[in-house]
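Q: Next up is a structure, given as structure tokens.
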Amino acid sequence: MTVRSTAGPAIRVQGLEKAYGTKAVLRGVDFDVARGSIFALLGSNGAGKTTTIRILSTLLKADAGTAAVNGFDVATQPADVRESISLTGQFAAVDEILTGRENLVLVAKLRHVADPGAVADDLLDRFSLTEAAARRTATYSGGMRRRLDIAMSLIGDSPVIFLDEPTAGLDPEARIEVWQTVQELAGHGTTVLLTTQYLEEAEQLADRIAILHQGRIIVNGTLTELKQLLPPAEIEYVEKQPTLEDVFLAITKDRA
């Protein structure tokens, strides 16, 4: 699959609105996402994150406003948008009857890429799944399934990938595995738009963070810019205690 290259931001959203009946979910959402960057859309449940992703991926029509992905309008050029993106939803979409490699080969064949087997093997290596390639995915851990799901979404070299709450329900180790995967995607030049309700996730991953609240973007900037919105921190000397996550990772690592 060959996707035409266009200039400008990878994603541009202006005045996006969406309502379900009398309930307004999006009330004029605006943001841009630079190419090759990680952009986090942060918000609580019901804030409108998934609705935004569904509109950008052409699965849902907006009531008002415009949105473009890779330079293509989602309303008037949906086929071009779909060629430009991959979407990973909140739940891993792997076939548990198939092995990890078989899942990848199947998707590669559906996308008509050359040499599906080689593509599958490359992705298995890239996502540290080679040793589990011949195992049925029903035996995979949550983190392994998520990594395989993201690997499947990369087949075809889509320039833009949407990750809708990619670490929801994962344990701390699996969450860190997915974080590393997302960082590697951006390192290879892929534009990543992820939604999350985890503050630490946005802090760890995103080049820019937008906070979506009650259907509106209430703040949008880098982590440094967002921190400057608060009063200057007071200097205090305190003993730093390890977090529960630090303890969990240290103990489990020693017993691997």
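Q: For THR139, which of the numbered conditions (1) touching a residue at least 12 places away in the same chain (Cβ under 8 Å); (2) among the hydroxyl-bearing types (Ser, Thr, Tyr); (3) farther than 19 Å from THR190 by Cα fails to hold?
A: Answer for THR139: the failing condition is (1).
Q: Being in contact (Cβ under 8 Å) with a residue 12 or more places away in the chain, in contact with a Lys or Arg (Cβ under 9 Å, 6 or more places away or on another chain) and assigned to a loop (DSSP other than H, G, I, E, B) is the requirement here; does GLY156 meet it?
A: Considered against the rule, which asks whether it is in contact (Cβ under 8 Å) with a residue 12 or more places away in the chain, in contact with a Lys or Arg (Cβ under 9 Å, 6 or more places away or on another chain) and assigned to a loop (DSSP other than H, G, I, E, B), GLY156 comes out as yes.
Q: All but one of (1) farther than 15 Å from VAL33 by Cβ; (2) at pLDDT 85 or above; (3) in contact with a Leu (Cβ under 6 Å, 6 or more places away or on another chain) hold for GLY142, so report the exception by its number.
A: With (1) farther than 15 Å from VAL33 by Cβ; (2) at pLDDT 85 or above; (3) in contact with a Leu (Cβ under 6 Å, 6 or more places away or on another chain) applied to GLY142, the lone miss is (2).
Q: Restricting the range 111-146 to residues that are in a helix (DSSP H, G or I) and basic (Lys, Arg), which is farthest from ARG54 (Cα to Cα)?
A: ARG126
Q: Identify the residue in the range 63-76 that is hydrophobic (A, V, I, L, M, F, W, C) and under 21 Å from the mean Cα position of the chain (by Cα) and, among all such residues, is surrounded by the most Cβ atoms within 10 Å (Cβ to Cβ).
A: VAL69
Q: Return the residues of the range 167-176 that are part of a loop (DSSP other than H, G, I, E, B) and either β-branched (Val, Ile, Thr) or under 15 Å from THR191 (Cα atoms) (or both); say none if nothing qualifies.
A: The one that is part of a loop (DSSP other than H, G, I, E, B) and either β-branched (Val, Ile, Thr) or under 15 Å from THR191 (Cα atoms) (or both): THR167.
Q: Go through the range 125-142 and report how many residues are under 19 Å from the mean Cα position of the chain (by Cα) and crowded, with 20+ Cβ neighbours inside 10 Å.
A: Count: 1.
Per-residue answers, yes or no, for (1) touching a helix residue (DSSP H, G or I) at 6+ places or on another chain (Cβ under 9 Å); (2) part of a strand (DSSP E or B); (3) crowded, with 16+ Cβ neighbours inside 10 Å; (4) on the phi < 0 side of the Ramachandran plot:
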{"residue": "ALA186", "(1), (2), (3), (4)": "yes, no, yes, yes"}
{"residue": "GLU201", "(1), (2), (3), (4)": "yes, no, yes, yes"}
{"residue": "LEU212", "(1), (2), (3), (4)": "yes, yes, yes, yes"}
{"residue": "ILE217", "(1), (2), (3), (4)": "no, yes, yes, yes"}
{"residue": "LEU226", "(1), (2), (3), (4)": "no, no, yes, yes"}
{"residue": "PRO232", "(1), (2), (3), (4)": "no, no, no, yes"}
{"residue": "TYR237", "(1), (2), (3), (4)": "no, no, no, yes"}
{"residue": "LYS240", "(1), (2), (3), (4)": "no, no, no, yes"}
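Q: Exactly one condition in (1) part of a helix (DSSP H, G or I); (2) touching a Lys or Arg at 6+ places or on another chain (Cβ under 6 Å); (3) of a type outside the set (Lys, Arg) is false for VAL94; which is it?
A: Among (1) part of a helix (DSSP H, G or I); (2) touching a Lys or Arg at 6+ places or on another chain (Cβ under 6 Å); (3) of a type outside the set (Lys, Arg), the lone unmet condition for VAL94 is (1).
Q: Would you say ALA79 is surrounded by fewer than 22 Cβ atoms within 10 Å (Cβ to Cβ) and under 26 Å from GLY189 (Cα atoms)?
A: For ALA79, the condition - surrounded by fewer than 22 Cβ atoms within 10 Å (Cβ to Cβ) and under 26 Å from GLY189 (Cα atoms) - is met.
Q: Kindly check whether there is at least one residue in the range 50-64 that is acidic (Asp, Glu) and under 27 Å from THR167 (Cβ atoms).
A: No - not one qualifying residue is present in the range 50-64.
Yes/no matrix, rows are residues, columns are (1) part of a helix (DSSP H, G or I); (2) in contact with an Asp or Glu (Cβ under 9 Å, 6 or more places away or on another chain):
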| position | (1), (2) |
| --- | --- |
| ASP30 | no, no |
| THR50 | yes, yes |
| LEU59 | no, no |
| ALA68 | no, no |
| ALA79 | yes, no |
| ARG82 | yes, no |
| ASN103 | yes, yes |
| LYS109 | yes, no |
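Q: Those residues that are on the phi > 0 side of the Ramachandran plot and either aliphatic (A, V, I, L, M) or in contact with a helix residue (DSSP H, G or I) (Cβ under 9 Å, 6 or more places away or on another chain) (or both), I need them from the range 143-184; list them, please.
A: Scanning the range 143-184 gives GLY156, GLU165, GLY169.
Q: Let me ask you something else. Please identify the pairs in which a residue from the range 104-131 that is touching a residue at least 60 places away in the same chain (Cβ under 8 Å) has its Cβ atom under 6 Å from the Cβ atom of a residue that is surrounded by 21 or more Cβ atoms within 10 Å (Cβ to Cβ) and aliphatic (A, V, I, L, M), counting only partners at least 6 apart or on another chain.
A: That search, which allows pairs on different chains as well, returns ARG111/ILE155; VAL113/VAL119.
The values are calculated or read from the model by the stated rules, or taken from the named source; none is laboratory data. The structure displayed is predicted, hence computed values, not measured ones. Counting neighbours? That spans all protein chains shown, and the Cβs are built from the backbone with ideal geometry, glycine included.
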